[in-house]
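Working notes, beginning with the structure itself.
Read the figures in this text as sums done on the coordinates, not as results from a lab. Just so it is clear, the structure is predicted and the values come from calculations on it, not from any experiment. Cβ atoms come from the backbone with ideal geometry, glycine included; neighbour counts cover every protein chain shown.
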Amino acid sequence: MMTGLVTDIKARARVIKNTLGEDVMTVSDKVIIDIAEKNGLKIRDVGLQCLEQGIVPLRYLRNGPAIGIADQIILARSQVAVVGAGGLGGHVILNLARLGIGKLLVFDPDTFDETNLNRQALCNSYNLGVFKAEEAALQCAQINPLLEVSAHVTRVSHPGQNHFFTGTHVVVDALDNGKDRLTLSAMAGDMGIPLVHGTVAGFEGRVMTVHPGETGMESLYHHDPEENCAGSAESLLGTSALAPALTAAFQVMAVLKILLKRESMPSNSFLHLDLDKAAVHKFFL
Amino acid sequence: MRIEVKLFASLAPYAAHPLVSSDGFLNVPSPVTVGEIADSLNIPHHEIKLIFINGVHGSLDMVVKDGDRLGFFPPIGGG
């Protein structure tokens, strides 16, 4: 059966030149989906089988060589949980889907409203009132059918939910308040999973990687986890489309570095991103 | 002595203080603490969430040296 599958994939692969002028065996989504349906297999598994045979799905061709085929296989085998599908989460989810993360878990209890339209990548005039997590799963399926995406219309708010993250390689914090961030960081730590924190205000953003056992989130939020309103910078400045887009890109890069075992941010440090001043600063907690 | 002050996010307007040069430098007497510098710029302490001295986490009671870079952050929690 598997031999037949490999033969079928190879028979329907096509050699094309990549941007370096090298010959690369490629396959289209249509072929992958057709083979999966014919053999009663998951599309994700056939896509992974293609990569393992050195056959690049066309949708990933331009990821290389920055993300090579060995990296692409790691991404296809990875599971990432994104908690929050709003300003940061929307961009994070869409980027992870295009990169080819094999399994995405999306958590958000809320629905889209008109005040989300200025910045939330998943929100548009036609999906107001729709659950954000469910819309994320729908858009991911349209962008990349080689992935599995599960939507959870749930607030992640207590350690009794640790099991949500079983099998997850990285948790992304795309939340909007300190209290839930502290809980999420503790949950990820309990599960031994690295977490990538992001937050935004005005034209600025912050990104931090928290490895299990580290206390970066406590340093940022412990005194006043409830502060989510009056005095917080995002309330005083608002948040346009730009800071979430930039900050989310840095968060996804941090996820890639963890998954691909490339050099990560130093422990207990964060990057502050300032679009207005065109500056990136690193700080140590 | 001369120190550099960076005021982030909603604290940025305090950099318009006449003591702060357009490129973010400030002349202060020695010795001086981070808190005294915040006072001289009229920054209410409750608006300051994080303080960094030369990129490393500090506090209001720490003494500043000539040439130090100070960073002040408000609470930031948006997502």
Amide H contacts under 5 Å for A:V170, placed H, 5+ residues apart = A:Q79, A:A81
remark   = Mean projected area, convex hull of alpha-carbon positions in region A:2-65, reported to one decimal in nm², is 4.0
remark   = Summing -39500 (n - 2.57) over every DSSP H run of at least 4 in the protein assembly as shown, dividing by its residue total and rounding to the nearest 500, the 222 nm mean residue ellipticity is -9500 deg cm²/dmol
ask   = Using only the Cα atoms, what convex hull volume per residue in Å³ does region A:78-284 have?
value = 112
key: Top positive-direction residue, dipole computed over the protein assembly as shown with Cβ charges, set A:A174, A:T26, B:A15   = A:T26
key: Integer Hz, Karplus 6.51/-1.76/1.60 couplings in order for region A:118-132, x for Gly and Pro   = 6, 8, 8, 4, 7, 8, 9, 5, 9, 10, 4, x, 7, 5, 4
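Treating only the Cβ atoms of Lys and Arg (+1) and Asp and Glu (-1) as charged, compute the dipole magnitude of region A:51-118 about its Cα centre; round to the nearest 20 debye.
Approximately 400 debye in magnitude.
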inquiry  = Under the rule a/c < 1.5 gives rounded, and otherwise a/b versus b/c splits prolate from oblate, where does region A:127-178 land using the Cα gyration tensor?
reply    = oblate
query = Any idea what the dipole of the protein assembly as shown comes to, in debye rounded to 20, about its Cα centre with Lys/Arg Cβ at +1 and Asp/Glu Cβ at -1?
reply = 1380
request  = Might you report the magnitude of the Cβ-based charge dipole of region A:2-65 about its Cα centre, with Lys and Arg at +1 and Asp and Glu at -1, to the nearest 20 debye?
outcome  = 140
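With the contact rule set at Cα under 8 Å and sequence spacing of 6 or more, what percent relative contact order holds for region A:2-65?
34
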request  = With a/c under 1.5 counting as rounded, go ahead and sort region A:188-285 into rounded, prolate or oblate using the C-alpha gyration tensor (a ≥ b ≥ c being the square roots of the eigenvalues; past the cut-off, prolate if a/b is larger than b/c, else oblate).
outcome  = oblate
request  = Identify the residues of region A:78-118 with backbone N under 20 Å of a label point that sits 7 angstrom from the Cα of A:R262 along the Cα-to-Cβ direction, or state none.
outcome  = A:78-81, A:91-103
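Could you list, in their original order, any pairs among B:K6/B:K65; A:K42/A:K103; A:K277/B:K65; A:K103/A:K257 whose Cα atoms are separated by more than 20 Å?
A:K277/B:K65
Could you work out, residue by residue across A:196-205, how many beta carbons of other chains sit within 10 Å of that residue's beta carbon, and then give the average as an integer?
For peptide A:196-205, the averaged partner shielding equals 4.
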task = Go through A:L48, A:Y126, A:A243 and say which Cα lies farthest out towards the positive end of the charge dipole of the protein assembly as shown; charges sit on Cβ, +1 for Lys and Arg, -1 for Asp and Glu.
result = A:L48
request  = Quick one: among A:E218, A:E204, A:E134, which has the greatest mean-square fluctuation in a GNM of chain A with alpha-carbon springs under 10 angstrom?
outcome  = A:E218
request  = Go through A:Q142, A:F112, A:G4 and say which Cα lies farthest out towards the positive end of the charge dipole of region A:1-143; charges sit on Cβ, +1 for Lys and Arg, -1 for Asp and Glu.
outcome  = A:G4
ask   = Under a 5 Å amide H to amide H cut-off, with H placed in plane at 1.01 Å, what residues pair with B:L50 once short-range neighbours are removed?
value = B:F73
note = Going from the fewest other Cβ atoms within 10 Å to the most, one would list A:M208, A:M265, B:M1 as B:M1, A:M265, A:M208
message = Contact order normalised by length for chain A, with contacts defined as Cα pairs under 8 Å and 6 or more residues apart; what percent is it?
response = 15
message = Between B:D23 and A:S219, how high is the FRET efficiency from 1/(1 + (r/R0)^6) when r is the Cβ-Cβ distance and R₀ = 41 Å? Nearest 0.05.
response = 0.90
remark   = Once phi for every residue in region A:79-93 is put through the Karplus expression 6.51 cos²θ - 1.76 cosθ + 1.60 (θ = phi - 60°), the whole-Hz ³J(HN,Hα) values, with Gly and Pro written as x, are 10, 10, 9, 10, 9, x, 10, x, x, 6, x, x, 5, 4, 4
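Apply the a/c threshold of 1.5 to the C-alpha gyration tensor of the protein assembly as shown and tell me whether it is rounded, prolate or oblate.
Cα axes put the protein assembly as shown in the prolate bin.
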remark   = Distribution output for chain B: share of Cα-Cα pairs per 5 Å bin in percent, first bin at 0, values 3, 16, 31, 29, 15, 4, 2, 0, 0
